[in-house]
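Notes follow the structure.
The values are calculated or read from the model by the stated rules, or taken from the named source; none is laboratory data. Everything quoted here is computed from the prediction, not taken from an experiment. Cβ atoms come from the backbone with ideal geometry, glycine included; neighbour counts cover every protein chain shown. When the accessible area is computed, the model is the full protein with side chains, heavy atoms only, and any ligands, DNA or RNA have been set aside. Shrake-Rupley method; radii C 1.70, N 1.55, O 1.52, S 1.80 Å.
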Amino acid sequence: MGRTVLAFGGNAIAPDGAGTAAEQTERLWSTMRQVADLVAEGRTALVLTHGNGPQVGNVLIKNELAKDVVPPVPLDWCVAQTQATIGFTIADTLTYELAQRGIDRPVVPVVSRVLVDADDPGFADPSKPIGPWLHDEAEVARRTGDGLRFLHDPARGWRRLVASPEPRRSVDRPAVELLLDDGAIVVANGGGGIPVVDDGSGPLRGVEAVIDKDLAGALLAEEIGADSFAILTDVPGVAVDFGTPEQRWLETVTVAELRKHADDGQFGAGSMGPKVAAACRFVERTGSRAVIAALGDVVAAVHGRAGTQVVPG
Ligand code: ADP
Ligand code: MG
């Protein structure tokens, strides 16, 4: 069996940006039960990746609130912190679930960097919502004055927007390959990867951005030659006329059909939009399938029996 990449949504792990450590652990654990089932049935060449929108936003808030006590750290450091906490939780719960099934395999989170272009247009036009929804209009106005950007949804409030440049290359792919070749299950490109630029004058340099994890996951899946890519989130798949009485879930759909729906404005920017873009890219570049499905449907989704299956054509 070939390599499989599973991408778990940050919002699905921490609904509404809330979620105590215990609640997030519980959700990851129940997801890892399904991942362990996949390994037990022989799907052993596995790379896991995860989002971090709510989590990285929360780390950022702690930084801002504590800035007079300890020096704040940049956003790339915050992303690295979320890779560590989510990666460790995945390793811990998945190792346990594998052991329950009599499987002894290392689960290794890799602190992973992803290269972006220093002049990516994303830096001038922040598009990635992170952190909790805010409800205090005066606070939002004040922080907008300080140069921050916010997304406004009349029903939910305001949410901070940060730059989300295109992922160009998974810097730590060679480490991922070594680990896979040695039989490890690898967690990589978490939170879209730590965004870095190469200015040719020294070490790679972290930049203040959050790369979309669906795009970074698709990139890694392509780079390691995966033949299966699954994006797991908090809805059962891709819908057209989402949230309206005409809402219809798509089952099997070609890249061309999905792109047409995207052009019709069917998918939320920063939510379903990047998942659809990531799935289409992977399918187009590899000729393999991708699926977008609910976090609770990991096994069925990988088997082609749940979610929206994206096929070539
Ligand atoms: P994740 O953390 O898994 O990346 P997101 O919130 O980024 O989750 O994306 C999933 C969300 O996309 C869903 O909860 C849903 O509200 C939203 N969405 C926007 N358009 C659509 C659509 N056409 N079909 C399904 N979901 C959609
Ligand atoms: Mg998302």
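Odds and ends about this structure:
- All of (1) outside any strand (DSSP E or B); (2) crowded, with 19+ Cβ neighbours inside 10 Å; (3) out of contact with any Ser or Thr (no Cβ under 9 Å at 6 or more places or on another chain) hold for Arg159 with one exception: (1).
- Scanning segment 191-212 turns up one or more residues that are buried (at least 18 other Cβ atoms within 10 Å of the Cβ), under 21 Å from Thr286 (Cα atoms) and within 14 Å of ligand 1 (Cβ to nearest atom).
For every residue, the table says whether it meets (1) of a type outside the set (A, V, I, L, M); (2) away from ligand 2 (no atom under 16 Å from the Cβ); (3) within 20 Å of the chain's Cα centre (by Cα).
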| position | (1), (2), (3) |
| --- | --- |
| Thr254 | yes, yes, no |
| Gly273 | yes, no, yes |
| Ile292 | no, no, yes |
| Gly296 | yes, yes, yes |
| His303 | yes, yes, no |
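- Unmet requirement for Ala269, which otherwise passes all of (1) at positive phi; (2) at pLDDT below 95: (1)
- Tally, over segment 27-84, of residues that are of a type in the set (S, T, N, Q) and in contact with a Pro (Cβ under 8 Å, 6 or more places away or on another chain): 3
- Whichever residue in segment 258-278 is more than 10 Å from ligand 1 (Cβ to nearest atom) and free of Cβ contacts under 8 Å to residues at least 40 places away in the same chain and, among such residues, is surrounded by the most Cβ atoms within 10 Å (Cβ to Cβ): Arg259
- Segment 200-224, residues that are in contact with a helix residue (DSSP H, G or I) (Cβ under 9 Å, 6 or more places away or on another chain), part of a loop (DSSP other than H, G, I, E, B) and of a type in the set (A, V, I, L, M): Val207, Ala209, Val210, Ile211, Ile224
- When restricted to residues that are within 10 Å of ligand 1 (Cβ to nearest atom), touching a residue at least 12 places away in the same chain (Cβ under 8 Å) and open to solvent by 60 Å² or more (accessible area, probe 1.4 Å), segment 225-257 contains 5.
- Tally of residues being β-branched (Val, Ile, Thr) and out of contact with any strand residue (DSSP E or B) (no Cβ under 8 Å at 6 or more places or on another chain) across segment 1-40: 2
- Evaluation of Gly2 against (1) within 16 Å of ligand 2 (Cβ to nearest atom); (2) under 19 Å from Asn189 (Cβ atoms) (one fails), failing number: (1)
- Residues that are in a loop (DSSP other than H, G, I, E, B) and farther than 21 Å from Ala12 by Cβ were ranked within segment 127-156; the one that is most open to solvent (accessible area, probe 1.4 Å) is His135.
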